[in-house]
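Working notes, structure below.
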Amino acid sequence: MTRFAMALITGLTLLGVAGLQQPAGTGHTGKAFRFNKVKEGVYHAVGTGALSVVGNSSIIVNDTDVVVVDDHVSPAAAAVLLDELKDITNKPVRTVINTHFHYDHAHGNQVFGKDVEIIGHEFTREMLLGGKSIGMPLYRDYLAGIPRGIEELKKRIAAEPDAARKATLQTQLQVAENNRASQAELKPTPPNVTLQTRMTLYRGDREIQIRFLGRAHTAGDVVVYLPKERVVITGDMLTAALSNMSDAFVNEWPATLDEVKKLDFDTVLPGHGEAFTDKAKIDYFQAYLRDVWTEVSRLKQQGVSAEDAAKQVDLTKHKEHFPNAIQGPGVPLIAVTRIYELLAQAK
């Protein structure tokens, strides 16, 4: 039997156990994930580009079971994650933790069976119930961009004379079309276990703390802290670069990160980007957050529109620490809009 056939049977079996059919859009070439081992039994699952996954997962392999932290952008991405997990363990996934409600971290929830605990903050459950999460601007903009991206790729393929580059674009097109097919089957699924401030799981001799430390990227961010391993899994409260601010409490975020600093850890597993050990990244991000709040607030007080403020805000002094995100003056309009909303609410 070929490796492909075995992988397909494994995937179908996993989903059969969960009582679900294979999701649309799971087709891909090669591995969809890199499982980067950071500590014994702790892995950072990062997408390879073979499938649209968008965010990272973290995998905690315990004595008899597996805990998955965040499950990606679609049911297809989560199903493939379950399949490829067999490369590192045959133990069953018994627990999923959502660090927050955003589509790239919680839209794989639906592939897990009823015997799997999905844990998240009460606010995360609220947002994933009744379609609230998919009505938010962040997801609406993402979904609207998929067909536009597909059409643009088709145009580039038609105009590309180089065979190798054309093949690369065709692969990208297939990834985008598979993602569109999977998004069409999305049924936002909320956590079935919630917390307000803190919960601790014990799996053999492993302690897994789930902490709500304050509002930040959303109103319900949690971090997952492994005190013995000195690892903190931060979702989008702290990434390897800059996090979007569409649902953020920008003025509260730096103080919440101060609470993260109080934990005894040496490794951060972020929701985007590679794992890192340089704690100075937290300081750099806090400084950026304080400055974006100050500068946007100043422009709002001057009566500048959100659209113009997004073009005028100059945070290039932070370019050294965020070179890929900051090319010149200007910040995302969605961030300025959110800060304007918070300032209006404070009146």
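Descriptive notes on the structure:
- Scope segment 317-334; condition within 18 Å of Q302 (Cβ to Cβ) and buried (at least 17 other Cβ atoms within 10 Å of the Cβ); matching residues: V331
- Filter result for E341 (of a type in the set (D, E), more than 23 Å from G235 (Cβ to Cβ) and open to solvent by 50 Å² or more (accessible area, probe 1.4 Å)): no
- Any hit, segment 136-147, residues being modelled with pLDDT of 95 or more, hydrophobic (A, V, I, L, M, F, W, C) and under 30 Å from V260 (Cβ atoms): no
- Taking segment 216-264 as the range and being assigned to a helix (DSSP H, G or I), out of contact with any helix residue (DSSP H, G or I) (no Cβ under 7 Å at 6 or more places or on another chain) and open to solvent by 10 Å² or more (accessible area, probe 1.4 Å) as the test, the residues that pass are A255, D258, E259.
- Only strands (runs of 3 or more DSSP E) whose full extent lies in segment 4-68 are considered here, and the ones with at least 2 residues that are at pLDDT 95 or above and open to solvent by less than 10 Å² (accessible area, probe 1.4 Å) are 42-47, 57-61.
- Residues satisfying the criterion are absent from segment 150-165 (criterion: farther than 30 Å from V38 by Cα, at pLDDT 95 or above and within 20 Å of the chain's Cα centre (by Cα)).
- Just so you know, in segment 69-88 the residues that are touching a helix residue (DSSP H, G or I) at 6+ places or on another chain (Cβ under 8 Å) and in a loop (DSSP other than H, G, I, E, B) include one that is nearest to Q196 (Cα to Cα), and it is D70.
- Contacts under 9 angstrom Cβ, first residue in segment 39-58 being farther than 21 Å from N98 by Cβ, partner aliphatic (A, V, I, L, M) and part of a loop (DSSP other than H, G, I, E, B), 6 or more apart: T48/A32; G49/A32; A50/A32
- Filtered residues of segment 278-293 (kept if over 19 Å from the mean Cα position of the chain (by Cα) and either open to solvent by less than 60 Å² (accessible area, probe 1.4 Å) or among the hydroxyl-bearing types (S, T, Y) (or both)): A280, Y284, Q286, A287, Y288, L289, D291, V292, W293
- Hey, L257 at pLDDT 95 or above and under 24 Å from G41 (Cβ atoms) or not: no
- Check on V296, surrounded by 15 or more Cβ atoms within 10 Å (Cβ to Cβ), touching a residue at least 24 places away in the same chain (Cβ under 8 Å) and assigned to a helix (DSSP H, G or I): yes
- Qualifying strands (runs of 3 or more DSSP E) (wholly inside segment 89-206; at least 1 residues being open to solvent by 20 Å² or more (accessible area, probe 1.4 Å) and polar (S, T, N, Q)): 193-195, 198-203
The values are calculated or read from the model by the stated rules, or taken from the named source; none is laboratory data. Bear in mind the structure is a predicted one, so any value in this text is a computation, not a measurement. When we count neighbours, we look across all protein chains shown, and the Cβ atoms used for this are built from the backbone with ideal geometry, even at glycine. To get the accessible areas, we keep the full protein, side chains included, count just its heavy atoms, and leave off ligands, DNA and RNA. Shrake-Rupley method; radii C 1.70, N 1.55, O 1.52, S 1.80 Å.
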